[in-house]
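Chemist: This structure is in structure tokens; I'll ask about it shortly.
Coordinate-derived values only; no laboratory data. Only a predicted model underlies this, so the values are computations on that prediction, with no experimental measurement involved. A quick note on method: Cβ atoms are made from the backbone with ideal geometry, for glycine too, and the neighbour counts reach across all protein chains shown.
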Amino acid sequence: MSRLRSAVQKGKRAALENTEVIKSSKKKKSKAAIKEEEPSETEPSSSYHFFHDPTEIPLFRSHLLQWYDQNKRDLPWRTLAMTEPDVNIRTYGVWVSEIMLQQTQVATVIDYYNRWMKRWPTVEKLAAATLEEVNQMWAGLGYYSRGRRLHEGAQKVVSELDGQMPKTTAALLKQLPGVGRYTAGAISSIALGQVTGAVDGNVIRVLCRVRAIGADSTSPAVTDALWKIADTLVDPEKPGDFNQAMMELGARVCTPKSPLCGQCPVQTHCHAFRKVSIKQEIDSKRLLSKLVSKLNTSVPDIENCLAAGSCDLCLLEDWDPQLGVQNYPRKPVKKAPRVEQTLTCIVERQRDGEEMEYLLTQRPSKGLLAGMWELPSMLLEADVSENKYKGLICDMMQKLLEKSLDANSVQFVGEVVHIFSHIHQTYIVFSVRVFDWSEGEQEQKTCWLTKSALKEAAVSTGVKKIMKLYESSSKVDSKEEKRKPTPEKRSNKIKKPKGAVTNEGPKQLCISQFFSTSNTTAKSQNC
């Protein structure tokens, strides 16, 4: 019996996974032998989740690059990378594009990139700009810390590196703020021709499907595996084109939902597609065998990882036939964004014979929307009741303008919801007009801007939404004014009792052309 067990152990490696078959309470030597012959977890997973066949790699490169040459989009940063002879400008231009493209769609970035490069075509030009100018240029693009890091990096290149952009992947990673492993790999391969992989969200999806990697795509094991695969696959002759082709494939064909597998140039290399195809064939033959009981139907085997069940890269959940290739990759459940409410006030003033102006305050230099201009605001505590809102606004204006306001002059405008990546923000908006104010020193930096100047200021998308709501509210008030010669001022949401006496102050002017282009010079005071 002992000889038989020994023969089975040597001849059938797969049988070793079932240790109960070979357990023996009397023979400790057998257990030791089993442990030595049992394959490691990395070996079987490598043969399935990695490119173990050297002949497959050049075919993968060839298929992908041929598709890319025929289908790539004409993008300004790609044109610059291909045509700009100055390596410093080329590296700078690709760096700008990669930072802008972080978590932002290509279609959105194009106009911002063109305006940016026209204004600051070199790293020296950007370094000489002010942070205020950078914030103005970045306004509306989101994730505003990216623009600040570009500015900070440009100043570092000029002051510490003699104006020369880093020339290697390692130097880019070490010397430029906000540049991580992916960004360094993308810049160095595209602008400098260095042979290195680049793994972004699109590439993660492509590689997870191609190699059937179903574990949490953010786990260290999966991250290490994906970078290893990317560095193995990258074409040494065209590393920049190859990395861009992988990103293009993920963005346009191997999409998160409804992937276009029929148009995929690397379909024959894709484990996920093969698995879907074979499962469909098995299901159809099973159905056919039920209809024709005597029909001899052989079903193909599905190649799987030999270490399934203990492999760090395999799909842990059950296969969902409805998802198909979308079973890969499986992402962790996103943490729900925290919910916040912010009390915001649109404060307007008008000097004799001059344009209406609006008060803005500058946010702290660190944290969310650092250094950006916003309407006077304060974060609301959870237990603050609505009837205290106007009082809080009066207190805030007292600190900003050293002026006491009548709570009845504060008008409710409405609510605006704005979603940040990690915050579900609701702005509760009021408005007030002031007729006298202090020009003294304030603890918080403030600025009065005209409508046209506000349009060009470094303000967030949230502020633009608020002003758009205010514009709509002013139009409604204007129409009601025409219908009723002496209307009682009231909030469009907060109803007041019949016959209540209010002192709302002068009516607000309509700002229907708030976002229209003006030929007049924008005015600003105390900015």
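Chemist: Pull up all non-local amide H partners of Lys403: gap of 5 or more, or a different chain, and H-to-H distance under 5 Å with H placed in the peptide plane.
Modeler: Amide H neighbours of Lys403: Gln398.
Chemist: Name the long-range amide H neighbours of Phe430: under 5 Å, sequence gap of 5 or more, or other chain; modelled H, no Pro or chain starts.
Modeler: Thr344, Cys345, Ile346, Val413
Chemist: PRE reach from Ile110 (point 7 Å along Cα→Cβ): which of the stretch 66-102 fall under 19 Å by backbone N?
Modeler: Under 19 Å, as judged by backbone N against the label point of Ile110, lie 68-83, 94, 96-102 of the stretch 66-102.
Chemist: Tell me, what ³J(HN,Hα) does each residue in the stretch 113-130 have, in order and in whole Hz, if you take phi through Karplus 6.51 cos²θ - 1.76 cosθ + 1.60 with θ = phi - 60° and put x for Gly and Pro?
Modeler: With the stated coefficients, the stretch 113-130 comes to 5, 4, 5, 4, 5, 5, 7, 10, x, 10, 5, 5, 5, 5, 4, 7, 6, 8 Hz.
Chemist: From the square roots a ≥ b ≥ c of the eigenvalues of the alpha-carbon gyration tensor of the stretch 186-266, which class results: rounded (a/c under 1.5), prolate (a/b over b/c), or oblate?
Modeler: The shape class here is oblate.
Chemist: Still on this structure, I have one more. Taking one equal scatterer on every alpha-carbon of the stretch 195-333, how large is log10 of I(q)/I(0) by Debye at q = 0.09, 0.11 1/Å?
Modeler: -0.31, -0.45
Chemist: Follow-up. Can you give the FRET efficiency to the nearest 0.05 for Val333 and Asp436, using r as the Cβ-Cβ distance and R₀ = 35 Å?
Modeler: Calculated value: 0.05.
Chemist: Spelling out what I want: for every residue of the stretch 379-390, take phi, set θ = phi - 60°, compute 6.51 cos²θ - 1.76 cosθ + 1.60 (Karplus), and round to whole Hz; glycine and proline get x.
Modeler: Taking θ as phi minus 60°, the curve returns 6, 8, 6, 5, 9, 7, 7, 5, 6, 9, 4, 5 Hz for the stretch 379-390.
Chemist: Another question about this same structure. For Ser474, Ser460, what ranking results if the residue with the fewest other Cβ atoms within 10 Å of its Cβ goes first?
Modeler: Ser474, Ser460
Chemist: Let me ask you something else. About the Cα centre of the stretch 72-194, what is the dipole size in debye to 20, counting +1 per Lys and Arg Cβ and -1 per Asp and Glu Cβ, all else neutral?
Modeler: Roughly 300 debye, rounded to the nearest 20.
Chemist: Using a Förster distance of 41 angstrom, determine the FRET efficiency expected from the C-beta separation of Glu317 and His52, and round it to 0.05.
Modeler: The pair Glu317/His52 has a calculated efficiency of 0.95.
Chemist: Could you order peptides 205-215, 111-121, 189-199, 233-243 by the average number of other Cβ atoms within 10 Å of their residues, highest first?
Modeler: Going by the mean number of other Cβ atoms within 10 Å, highest first, we get 205-215, 189-199, 233-243, 111-121.
Chemist: Taking 0.36 nm per residue of sequence separation and subtracting the Cα-Cα distance, how much length would be gained by fully extending the chain between Asp352 and Met378, in nm to one decimal?
Modeler: Result for the pair: 6.3 nm of gain on full extension.
Chemist: Magnitude of the Cβ-charge dipole of the stretch 190-293, K/R +1 and D/E -1, about the Cα centre, nearest 20 debye?
Modeler: For the stretch 190-293, the charge dipole is close to 720 debye.
Chemist: Still on this model: Short version: ³J(HN,Hα) in whole Hz for each residue of the stretch 251-260, in order, from phi by Karplus 6.51 cos²θ - 1.76 cosθ + 1.60 (θ = phi - 60°), x for Gly and Pro, what are they?
Modeler: 6, 10, 10, 8, 7, x, 10, 6, x, 9
Chemist: Pairs Lys257/Lys331; Lys331/Lys366; Lys72/Lys238; Lys167/Lys238; Lys399/Lys464; Lys118/Lys445: which are spaced more than 20 Å apart, C-alpha to C-alpha?
Modeler: In this structure, Lys331/Lys366; Lys399/Lys464; Lys118/Lys445 exceed 20 Å between Cα atoms.
Chemist: Sticking with this structure for a sec: Which three numbers, in whole Å and largest first, are the semi-axes of the equivalent ellipsoid of the stretch 59-169 derived from its Cα gyration tensor as √(5λ)?
Modeler: They are 26, 18, 12 Å, listed largest first.
Chemist: What residues have an amide H closer than 5 Å to that of Gly197, excluding those fewer than 5 places away on the same chain, when H is modeled at 1.01 Å from N in the peptide plane?
Modeler: Amide H to amide H, under 5 Å and 5 or more residues apart or across chains, Gly197 pairs with Asp231.
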